[in-house]
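Undergrad: Right, I'll just put the structure down here and ask away after.
Read-outs throughout are calculated quantities, based only on the coordinates presented, and are distinct from any laboratory measurement. All of these numbers come straight from a predicted model, not from anything done at the bench. Positions of Cβ are generated from backbone atoms using ideal geometry, with glycine treated the same way; all protein chains shown enter the neighbour counts.
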Amino acid sequence: MSIEPVPEIAKEIFEDNLETAILYADKLAADSDTLGLLGPRELDKLWSRHILNSAVVAEKLNSGDNVADIGSGAGLPGIPMAIVRPDCRFTLVEPMERRSDWLKEIAKNLGLDNIRVFRARGEDLDPQFNVVTARAVASLPKLIRFAAPPLLPSGKILALKGAKAEQEIEEAKKLVKKFKLESFEVVYAGENSLEQPTKLVEVKKID
């Protein structure tokens, strides 16, 4: 399967860090099959569906944010976001040893000093983050159970979601009291750069 060429818009999104993003894409494509990171049919959409789709979520961050990427797996969305936002800190949380070792290697090889890798599950983390991200991890009600505990008060979850986002929000509302949640909102990232902006559910925690 051929790998998708680097789209022109990638230069605008990654700016001076485009070469780092290209190195990540090459490594992801090379190791994807061995580690089960992405399906073989995904390589021809590697940039548009995965890397750029993740990178634009960085526009939802504030300078200095401490971000946990839960179930990071292939480093999505955490690594593209970390490349775009060197002013933020990222913890890639991955329970599988082979994948967490791979993430450590990638972060080191790319020189991403704003990344650390933690082999654990989200619910095992102490509250220390003001943003938690997750992509293709679980339905929203299930995700909240392990994405809300690491959040500090007034923090937020940014969950990359698809067509069922609104339905998942309705199902997750029963968890508001238990996890001290304040609001659910569907928001979009990359509206000014991507043909198909990234759909997110933003879940805010009470102050």
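Undergrad: How are the alpha carbon pair distances in the chain distributed across 10 Å bins from zero to the largest one, expressed in percent?
TA: Here the calculated profile for the chain is 9, 38, 38, 14, 1.
Undergrad: Neighbouring Cβ atoms within 10 Å as the yardstick, rank 115, 3, 79, 206 fewest first.
TA: Listed from fewest to most nearby Cβ atoms, that is 206, 3, 115, 79.
Undergrad: For the charge dipole of the chain, defined by +1 on Lys and Arg C-beta atoms and -1 on Asp and Glu C-beta atoms about the Cα centroid, which residue among 181, 7, 118 has the Cα displaced farthest towards the positive pole?
TA: Of 181, 7, 118, it is 181.
Undergrad: Report ³J(HN,Hα) in whole Hz for each residue of region 35-50, in order, from the Karplus equation J = 6.51 cos²θ - 1.76 cosθ + 1.60 where θ = phi - 60°; Gly and Pro get x.
TA: 3J(HN,Hα) across region 35-50, in whole Hz: 9, x, 7, 9, x, x, 6, 8, 5, 7, 10, 3, 7, 5, 8, 10.
Undergrad: Quick check on packing: order 163-174, 143-154 by the mean number of other C-beta atoms within 10 Å, highest mean leading.
TA: Taking the mean over residues of other Cβ atoms within 10 Å, the ranking is 143-154, 163-174.
Undergrad: Here is a follow-up. Going by how many other beta carbons lie within 10 Å of each one, how would you line up 98, 49, fewest first?
TA: In order of increasing Cβ crowding within 10 Å: 98, 49.
Undergrad: Oh, and also: Of 159, 169, 132, whose Cα points farthest to the positive end of the dipole of region 74-185 (charges on the beta-carbon: +1 Lys, Arg; -1 Asp, Glu; origin at the Cα centre)?
TA: Towards the positive end, the residue furthest out is 169.
Undergrad: Just in region 1-72: which GluC sites (Glu not before Pro) are loop by DSSP and have at most 10 other Cβ atoms within 10 Å?
TA: Loop-located and lightly packed - 8.
Undergrad: With charges set only on the Cβ (+1 for Lys and Arg, -1 for Asp and Glu), what does the dipole of region 9-205 come to about its Cα centre, in debye to the nearest 20?
TA: 820 debye
Undergrad: Once you have a ≥ b ≥ c as the square roots of the Cα gyration tensor eigenvalues for region 1-80, tell me rounded if a/c is under 1.5, and otherwise prolate or oblate according to whether a/b is larger than b/c.
TA: oblate
Undergrad: Just add up the charged neighbours of residue 162: K/R +1, D/E -1, any other residue whose Cβ is under 13 Å from the Cβ of residue 162.
TA: +3
Undergrad: Any idea what log10 I(q)/I(0) is at q = 0.24, 0.25 Å⁻¹ for region 166-207, Debye with uniform C-alpha scatterers and no solvent?
TA: Reported log10 I(q)/I(0), two decimals: -0.79, -0.82.
Undergrad: So for 187, 93, 6, fewest C-beta neighbours within 10 Å to most, what's the order?
TA: Arranged by neighbour count, lowest to highest, 187, 93, 6 become 187, 6, 93.
Undergrad: Near the amide H of residue 3, under 5 Å away, which other amide H atoms are found, from residues 5 or more places off or on another chain, if H is placed in the peptide plane?
TA: none
Undergrad: Distance from a point 7 Å along Cα→Cβ of residue 186 to each backbone N in region 138-169: keep the residues under 17 Å and list them by number.
TA: 139-141, 158-169
Undergrad: A follow-up question, please. Run the numbers on the chain and let me know its relative contact order in percent, using alpha-carbon pairs under 8 Å that are six or more apart.
TA: 17 percent
Undergrad: Please report the spacing between the Cα centers of region 18-95 and region 107-128 in Å, no decimals.
TA: Result: 13 Å between the Cα centres.
Undergrad: Taking amide H positions as placed 1.01 Å from N in the peptide plane, with prolines and chain starts having none, which residues 5 or more places from residue 182, or on another chain, fall under 5 Å of its amide H?
TA: 204, 205, 206
Undergrad: Could I ask something else about it? Could you list which residues have their amide H under 5 Å from that of residue 68, counting only those 5 or more apart in sequence or on another chain, with H placed in the peptide plane?
TA: Sorted by chain and number, the residues that satisfy this are 91, 131, 132, 133.
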